[in-house]
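Structure first, then comments.
Quick note: the coordinates plus some simple rules give every number you see, no bench work behind them. Just so we're clear, the structure is a prediction, and the values are computed from it rather than from any experiment. Note that we place each Cβ from the backbone using ideal geometry, even for glycine, and neighbour counts take in every protein chain shown.
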Amino acid sequence: MDKHLLQYEGSKKIMAIVGLLTVAQAVAIITQAIYLAKAITQMFHGEPFSVYMESFVLFFVAHLFRQLLQWAKERISYRFAIRVSEYERGRLIEKTFEIGPDIIGTHGSGNLITLALEGIPKYRKYVELFIPRFLSMALIPMILVVFILTQDVLSGVTLIIVMPILIVFLILIGLVSQKKVDEQMDSYRLLSRHFVDSLRGLVTLKFLGRSRSHERAIETVSNKYRIATNRALKYAFMSSFALDFFSSLSVALIAVELGMKLINGTILLEPALLVLILAPDYFLPVRELGNDFHATTDGKDAGEEIRKVLAMKAPEKSTEPMRIEEEGTFAFRGVSKYGDEGQLLLNDLHFTVGHQDKIGIVGLSGSGKSTLIRLLAGFTTFEEGQVQINNQSFSTLNNAEWHERLAYIPQHPTIFSTSVLNNLRFYEPDAPFEQVVQAAKTVGLYELIQSFPNQFEEKIGQGGRALSGGEEQRIALARTLLRQSDIMLFDEPTAHLDIETEHDIKEIIVPLLENHLVFFATHRMHWMKNMDRILVLDHGELVQFGTYEQLSQTEGKFREMLLASQKGGAA
Amino acid sequence: MNYTQQYILPYVRKYKAAMGWTVFFGFLALLSAALLTFTSGYLISRTSERPETILLVYIPIVMVRTFGISRSVFRYVERLLGHNAVLKILADMRVKLYRALESQALFIRERFKTGDLLGTLADDIEHLQDVYIRTIFPTLIGLMMLVFAIGSLLTVDPLFAFFMLVAMSVVAFVYPLISLYLFKKHQTRAKTLHGQLYDTLTDALFGISDWIISGRKKQFVDGFLTDAASSVDAERKLDEWNQTRTMQLQIFTGVLVIIVGFWAGNAAADGLIAPTYIAAFTLAIMPIMEAIIPISHAVERIPVYEQSLQRIEKIEETMNEPIPAQIDIAAIKQPVISFENVTFRYPGSEGPAVEQIDLTIRHGEKVAILGKSGAGKSTLLQLLLGQFIPTEGHVRIDQYEAHQFGDDIFEVASVLNQKPYLFATSVLNNIRLGRADATEEEIEHVVEHVGLRAYLATLENGLHTQMEESGQRFSGGERQRIALSRILLKNDPIVVLDEPTVGLDPETERDLVHTMLENLQQQTVIYITHHLTAIEQMDTIIFMDEGKIDMIGSHEQLYETNARYRRLYELDRAL
């Protein structure tokens, strides 16, 4: 019994209702068998039509009830499963927003999407199947066997003995086959990956002149895969073999045993037939459970996965009002941030900047530039130190008001799969069209948009018109233009662009920086000339902080990086 | 239905023996179940007449025991045979799909603008095993059972057999067709809605920073959950139909039990069958129906496969015919590349992608090509590799037209692109793809040259280290170095570097470009780039714009004569 299922609102009631229906169903199964056995016996003894007609009618009524009850059980469980799984989906999505982009990144957004869209239906299937199957398993065989015992003790005893043997066998087979499958899991995974690996690497194979000959490898590996799979299946199919074997063998044993008793005259035809008819129904719940085994285990795993995500710790959040006033200051006081494995990502940062300063952030890869920007954006929090805004201290920037004052331009801004217009209006859905046009003109997108067949309604993003890296940056810039922001954060916005586009984009960005508090993290040193002051990071430490003039003329990390850039890999 | 002709029937024909046996054993399994009921019903009725000796019911007893065991054995054999046959088919389909993709490998991205098409296709092939396992086999087995049941009944009472044929056809044909119709109707909607959910959520998670900053989180969550609810609602219609159908078919089975019971009672009264067979016939109808009822579920799944088949068909439709090699590659030692007044226009597009390109690249020359996206760099590259035939003019490598090389072009020119793929095997095997007969010493030699030796030495298994899932273990720069090793091993006279440094940080970029040029001194290098890293070392720099050569010259020439170049150079170097 999965105790998590009992924790939902109304789940105990559902279990009780389905349980009652199951008991009623067991009664219907017995009644149905009684009258079918009776009808057959009556016909066998050549009794008149009216007599066996009545038995058949009663059989049919019981049969009808049995099927209706089954239907009702399924329907009730199904509706409950939908309610529960949609509730979990809602919590999952809420949680996703709570944990924010950083934790999503480490967990893998693909995993979360799969969980919310494939995991939830699996969990639903599990709840839907588990409740009626579990209750049938718990109630029906027991009720039937008690009734069978009243008809024929030996048959009842046979059935009682077979059930635990069957279950022990299933467990043993399950263990053995799991072991066998695990043993070859590695080679199995490698083989199954081979095809998709080959497809993904096709262009590379082509460039290497190896793609044609690789066809043979596909064939060989596919066959190896088949042989390995067959070996695993031999064991995997054992459990359903055992189920079939024990259930039909017991029916056969009971039939022969009843035959013997009939010859000896120790039982009559009617109860014998009755027991024979009921025997398969005794095993039906186990067989159903076996058939749905994979669906239920998959769903159960999905449920655990969901609970794991829901239990994740979200970054600390603040709801205090937070904004930088005119002539105010923004300062870090000993801010430190640790990574997942306890390593220091940012070490004891101290700096103070004015409310509209433009701050460059440079450092080699892994020095902590991106972490700092994400921390400033409030997507991630810090463990030690304080952020001071106008002399007020905060222990996190994960704050809705702070977020709404931000413009954040990453290296690859998100282009949503919708119209250009909706993309531009993303932060301000109510922005007047004229303003959107104006923003598009400012970032140099207007002519391009005019050239689209649907102009501002043209769909972009996944499944829509593809944009170049430069065009994507322009969209992101226009987006931020449409809303009031005090703080602009840039995380390497131009490194992936070709030099000409970078030049053009820079012309657009530079004037936008005025009257904002700007943090600009980049490897591209040319931006530093446009900054008021520069933070130089090295292995998470702030090693230099000063103006371009100061830093470019003093020995140190900044000058080193500047000289390397100016040399540009020339021999 | 034409998918059936193209993708199902040929395989059915090819593996008809294996499939035939599968269906046969599946039929035997279900037949055993029916006969177990039939013979036990008979046995009990016969023994109730208290025969003199047990020997008179010896045969029914043996049969009951046999059928009690045989069902599970046959079923086990059926499943093993079926999966084996299907896995053989999948192997064939993989090869066929691979062949189709291979012929158009360089155009897949442009032709099929979908996310992870290749992963999806690989999954599609996997899903197609359900065509056989979950649709074809159960349907055929169910129909065989129907034929058998009716056939046996014909020998007893032809008229009643005919009646039962009609009645059971409702289950075997009418219900499956209704199910198929309803499923198709609702499934399309359910699928579309689910697809939309997928797109919305993917978008939202990749853009979650924007959602958080925008302060519109609640709006998204509410909208998404409403969409999810309507998607679930569409699925609910299908699932509930399934539950209702099962109930209806079970009730119908009850009706058939009564009908068969009546018939058996009458037949016994008329002396058509012995009374001992009443129970046998009446009870056997249930396991027979259990074989026929699943046909509905098997048939309604057909639309599920269509989408997979559609995707595969689309790939196979655009398959290119391989061009037979016509050129003696071995004779090309120091090739000269020439573009003679080359113009290329994509079919169906208005303006040319490249226009009037005149360019000669002597052997050993180092040429950098720059330009904004859409300026014509890639088209130029495809023309050089003979993948496009010029609309006007000629692209030649020595005296041969580039497109005459076919796939042999890659014996003359190596390409290192932005994301060279590293296969899920050892580093050694990945490098050896450059030349299959390379010795381990040769490989160690190139590894030394590309500057990977020290790093590999720190790994426990050195060259034999596995690349791991998608090669997470190696950084971008290291991956490019592994790919460069392949190219050095391949040792073609022309090397194309197609933006190999995008996404690398400047330090890594500078080091990598330096290593590349140092190792490619003898070869012609065509370096498509977005930055001006090591640009001083190039003999010729070409800036493309709108399909034309906008600037051309050496670094010194351009720096002195071209103000725009100077400005870009100073920007790049932060001068």
Within segment A:197-249: Cβ-based charge dipole about Cα centre, in debye rounded to nearest 20 (Lys, Arg +1; Asp, Glu -1): 340
With DSSP loop assignment and no more than 14 other C-beta atoms within 10 Å, the GluC sites (Glu not before Pro) in segment A:1-104 are A:9
Put +1 on the Cβ of each Lys and Arg and -1 on the Cβ of each Asp and Glu in the protein assembly as shown; which of B:525, A:26, A:153 then has its Cα farthest toward the positive end of the dipole? A:153
Any chance you could run the full-extension gain for residue A:327 through residue A:388? It's 0.36 nm times the residue separation minus the Cα-Cα distance, nm to one decimal. 20.6 nm
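With helices defined as uninterrupted DSSP H runs, which ones in chain A have an alpha carbon span along their own long axis of at least 24 Å and mean Kyte-Doolittle hydropathy of at least -1.0? Numbers along the way, then the final one.
Working: long enough: A:11-44 (49 Å, 1.28); A:49-107 (78 Å, 0.08); A:120-151 (46 Å, 1.11); A:153-183 (45 Å, 1.83); A:211-236 (37 Å, -0.97); A:238-264 (38 Å, 1.30); A:269-291 (33 Å, 0.91); A:293-310 (26 Å, -0.71).
Correct list, ordered by number: A:11-44, A:49-107, A:120-151, A:153-183, A:211-236, A:238-264, A:269-291, A:293-310.
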For segment B:416-431, in residue order, the Karplus 3J(HN,Hα) values (coefficients 6.51, -1.76, 1.60; θ = phi - 60°; whole Hz; Gly and Pro = x) are 10, 9, 5, 10, x, 7, 10, 7, 6, 8, 6, 4, 4, 4, 5, 6
The protein assembly as shown: equivalent-ellipsoid semi-axes (sqrt of 5 x gyration tensor eigenvalues, Cα, Å): 69, 36, 26
Cα-based Rg of segment A:1-152 normalised by 2.2 N^0.38 Å, two decimals: 1.55
Can you show me the helix-derived [θ] at 222 nm for chain A, built from DSSP H runs with n ≥ 4 at -39,500 (n - 2.57) apiece and divided by the number of residues, rounded to the nearest 500. -21000 deg cm²/dmol
With +1 on the Cβ of every Lys and Arg and -1 on the Cβ of every Asp and Glu, the dipole magnitude of chain B about its Cα centre, in debye rounded to the nearest 20, is 2580
For segment A:386-391, in residue order, the Karplus 3J(HN,Hα) values (coefficients 6.51, -1.76, 1.60; θ = phi - 60°; whole Hz; Gly and Pro = x) are 9, 9, 10, 10, 6, 6
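Over all residues in A:266-276, what is the mean tally of Cβ atoms on other chains that come within 10 Å of each residue's Cβ?
Numbers: counts 0, 3, 1, 6, 1, 0, 7, 8, 0, 1, 7.
Mean partner-chain Cβ count within 10 Å for A:266-276: 3.
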Spherically averaged projected area in nm², based on the convex hull that wraps the Cα atoms of chain A: 39.7
Can you list the residues, at least 5 places off or on another chain, whose amide H is less than 5 Å from the amide H of residue B:553, using H built in the peptide plane? B:541
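When you look at the Cβ of every residue in A:334-340, what mean number of other chain Cβ atoms sits within 10 Å?
Values: counts 0, 0, 0, 0, 0, 0, 0.
That works out to 0 on average.
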Using only the Cα atoms, work out Rg/Rh for segment A:153-266, with Rh taken as the Kirkwood radius, to two decimals. 1.36
Taking the Cα centre of segment B:330-573 as origin, work out the dipole magnitude from +1 charges on Lys and Arg Cβ and -1 charges on Asp and Glu Cβ, in debye rounded to 20. 220
Cα-projected label distance for residue A:554 with residue A:412, points at 7 Å along beta-carbon direction, nm: 3.8
Hand me the trypsin sites (Lys or Arg not before Pro) from segment A:277-350 located in a DSSP loop with no more than 14 other Cβ atoms within 10 Å, in residue order please. A:313, A:317
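Can you compute the helix-only [θ] at 222 nm over chain B? Use -39500 (n - 2.57) per DSSP H run of at least 4 residues, normalise by all residues, nearest 500 deg cm²/dmol.
On the way: 22 runs with 342 residues, N = 575.
Estimated from H runs of four or more residues: -19500 deg cm²/dmol.
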Charge dipole of chain B about the Cα centre (unit charges at C-beta), most positive-ward option of B:122, B:483, B:275: B:275
Centre separation in Å (Cα based) which lies between segment B:183-254 and segment B:531-575: 54
Taking the highest mean first, how do the peptides A:215-222, A:257-264 order by number of other beta carbon atoms within 10 angstrom per residue? A:257-264, A:215-222
Would you list the membrane-span-like helices of chain B, meaning whole DSSP H runs whose alpha-carbon atoms span at least 18 Å along their axis and whose mean Kyte-Doolittle value is at least -0.5? B:16-48, B:58-102, B:137-156, B:175-206, B:217-269, B:278-292, B:476-490
Could you let me know the centre-to-centre spacing of segment B:376-437 and segment A:224-263, using Cα atoms, in angstrom? 58
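Using the Kirkwood formula on the Cα atoms of chain B, what hydrodynamic radius do you get, in angstrom to one decimal?
On the way: mean 1/r = 0.0331 Å⁻¹.
Evaluated over chain B, this radius sits at 30.2 Å.
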Can you list residues from other chains, or at least 5 along the same chain, whose modelled amide H is less than 5 Å from the amide H of residue A:360? A:520, A:532, A:533, A:534, A:535
Expected unfolding gain across residue B:167-residue B:192 under the 0.36 nm per residue rule, minus the alpha-carbon gap, is 5.3 nm
Counting only GluC sites (Glu not before Pro) that sit in a DSSP loop (anything but H, G, I, E, B) with at most 15 other Cβ atoms within 10 Å, what is the longest stretch of chain B containing none of them? B:53-349
With just the Cα atoms defining each centre, how far is segment A:148-202 from segment A:297-368? Give it in Å. 47
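Counting other C-beta atoms within 10 Å, and keeping those with at most 11, which DSSP coil GluC sites (Glu not before Pro) do you find in segment A:501-571? Please list the in-between numbers first.
Working: sites: A:502, A:507, A:514, A:541, A:549, A:555, A:560; in loops: A:514, A:555.
In loop regions of segment A:501-571 (DSSP not H, G, I, E or B), the sparsely surrounded GluC sites (Glu not before Pro) are A:514, A:555.
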Distant-in-sequence amide H partners of residue A:384 (H built 1.01 Å from N, under 5 Å): A:336
Could you tell me which residue out of A:264, A:225, A:213 lies farthest along the dipole of segment A:153-266 toward its positive end? Charges go on the beta carbon: Lys and Arg +1, Asp and Glu -1, centred on the Cα centre. A:213
Mean shadow area of segment B:325-430, taken as a quarter of the surface of its Cα convex hull (nm²): 8.7
